[in-house]
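This report refers to the structure that appears directly beneath it.
We did not get these values from a lab; they are worked out from the coordinates using the rules stated. No experiment lies behind these values; they were computed from the predicted model shown. In this analysis, Cβ positions are derived from the backbone assuming ideal geometry, glycine residues included, and neighbour counts consider all displayed protein chains.
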Amino acid sequence: MVSFRQKSALYLKPRLARLQDVQEELYRQLQLLIPEQVAYHDWFQSRVGDSPLLRMEILERHPYTQFLRLTYQFDNGEDPELAPDAHIRLYQDARLAEVTAFDAGQGCRRSAHPWYPPRQLMQKTWRLNLALDKWLGYLLQQGHSVDTMKLASERIGDRLTTKIAVTAS
């Protein structure tokens, strides 16, 4: 088992303290995937067995936080498909990680606002973080690790961006 905590305690009713426990677990699991070269390179990939290609891209770096993208890349001929497409913020100083979205357009929609009901925001955050927790556990069980995560030659969306630019012309 890869988890550091008992899973049953994490799946209880959403509460802020429990959400922080989940985010601590996410941080620990991600530390088992993120290679040391992350300070110098932005694109990584890992392939184990029959598992699809796992891609990781560092989107932003700040003194105490990093924003990364983690996804499977399924090559279907010339159209690679990305799923799930997790965008994750790591808080190095607090040793927490949280998923901000599971789609490529995550930066285009407002997911929080002072007028939004806090209970629904908490439930949404809870569901997203538990989904990432399950997926990270699955990745680690499949054998993905710091040792399998190698440098990649291109960004995650390079081929997708090129295809969109060509069809829009």
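Each of residue 20 and residue 119 was given a label point 7 Å from its Cα along the Cα-to-Cβ line. The distance between the two points is 2.3 nm. Rounded to 0.05, the FRET efficiency of the residue 79 and residue 28 pair, given R0 = 45 Å and the Cβ-Cβ distance, is 0.80.
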